[in-house]
1. For region 37-196, report the translational diffusion coefficient in µm²/s to the nearest whole number, using Stokes-Einstein at 37 °C, 0.692 mPa s, and a Kirkwood Rh over Cα pairs.
2. Taking the Cα centre of each part, how many Å lie between region 27-53 and region 310-329?
3. Would you calculate the convex hull of the Cα atoms in region 268-383 and tell me its volume per residue in Å³?
4. Could you pull the accessible area for Trp357 with a 1.4 Å probe, rounded to 10 Å²?
5. In the P(r) worked out for region 147-198, what percent of Cα pairs fall beyond 13 Å?
6. Expressed as a rounded percentage, what relative contact order does region 17-134 have, with Cα pairs under 8 Å and six or more residues apart?
7. Quick check: with the 1.4 Å probe, what order do Asp163, Asp19, Asp259 take by accessible area, largest first?
8. Using Cα pairs closer than 8 Å and at least 6 residues apart in sequence, work out the relative contact order for the chain, in percent.
Amino acid sequence: MNADPQTVLQGLKPLSRLDHPREMIRQFTPNWFAATMGTGILALALPQIPGWGVMLRPVGEVLWLFNIGLFALFAGLYGARWILFGQEARRIFGHNTVSMFIGTIPMGLATIINGCLAFGIGRFGQGIVGVAELLWWVDVAMALSCGVVIPYLMFTRHEHSLDQMTAVWLLPIVAAEVAGASGGLLAPHLAGAQAQFTVLVTSYVLWAYSVPVAFGILAILILRMALHKLPHESMAASSWLALGPIGTGALGMLVLGGDAPAILAANGLAALGPVAQGIGTIAGLLLWGFGLWWLALATLITIRYWRAGIPFNLGWWGYTFPLGVYTVATFRLGTTLGLGFFGIYGTILTIALAAMWLVVGAKTLAGAWRGHLFVSPCIAQPN
């Protein structure tokens, strides 16, 4: 039987120490990839600050390179767990909460792919576009898989109840729309018109594969909080996760709409370009407005939690990526509409994002050094 989500979030029951270095591998779970999501989105947001982007670009590039190393480290540790402790590693698929974090793997990879375009071209040349394209298709495959396999497991193996529901349900679902937004950034850099068209169409499908389902979950989440109030304090950061699909949905529509006229025209569909661009702009603006409501709500919820005092766990990375992707969508909306307000507001959000990243990063480093954050709740449950 699975424990309630608040009792299993990684880091809630810390180890006083690791008995052996192999224990770090044995206890490693996908929760850690949330750190690559938060680091990657900060790297992408910093160069977009109006007036400061040129100066902050090197900082963003360093963060991107650091994020590549971080992702490689986590992938190595998680891969080693499957090799050395495969029987225990497989239990993740039967776990109510930890299984949701599988979605953080493709989302973390997406930030690296986007960094290849934002920083890699200037650093390594156009050759890196081919690498980004290959990684993107890998990312798409992972996003599509976890977006349907984890819900299937929820319907067939997991035990869930409305009062125990949290926004972590969104994690496997949102991976597809994150890949879609990433595809929108990738498409204009591809050489052939057919390749651009394929990525554009695939990205629209990824958006539709994810956003309607995510918004269905959001509706249930609002009902859950109205009926059963806020989740346990260990899940405090989960209130921000809902901002993720809203911000990514807005960003995806804006990016894809901006790509559409040129790419569709090159493939004999010129009449559809302005339509797609208009839909992208309006949809992006509407979703951004919805995100503004959720941002205000999440801020009030967080103030309530923090006044009461909440323990640190890896779930705190949930404060970073959702805010970051909403910030990037804000900058994109300002560029699309030509309104300076969005640049100013995006700058404020970026400052908040950077401050949170520093806090959560420092606490994560301290917890990792002590071994407190290496806990796999799946081990305790039966096969």
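The values are calculated or read from the model by the stated rules, or taken from the named source; none is laboratory data. From a predicted model like this one, the values you see are computed outputs, not experimental measurements. Positions of Cβ are backbone-derived with ideal geometry, glycine not excepted, and every protein chain shown enters the neighbour counts. Heavy atoms of the whole protein, side chains included, go into the accessibility calculation; ligands, DNA and RNA do not. Shrake-Rupley method; radii C 1.70, N 1.55, O 1.52, S 1.80 Å.
1. Numbers: Rh = 17.1 Å.
This corresponds to a translational diffusion coefficient of 192 µm²/s.
2. Going from one Cα centre to the other spans 9 Å.
3. Considering the Cα atoms of region 268-383, their hull volume per residue is 192 Å³.
4. 50
5. That tail contains 69 percent of the Cα-Cα pairs.
6. The value is 35 percent.
7. Numbers: Asp163 60, Asp19 115, Asp259 15 Å².
Sorted descending by solvent-accessible area, the residues read Asp19, Asp163, Asp259.
8. Relative contact order comes out at 26 percent.
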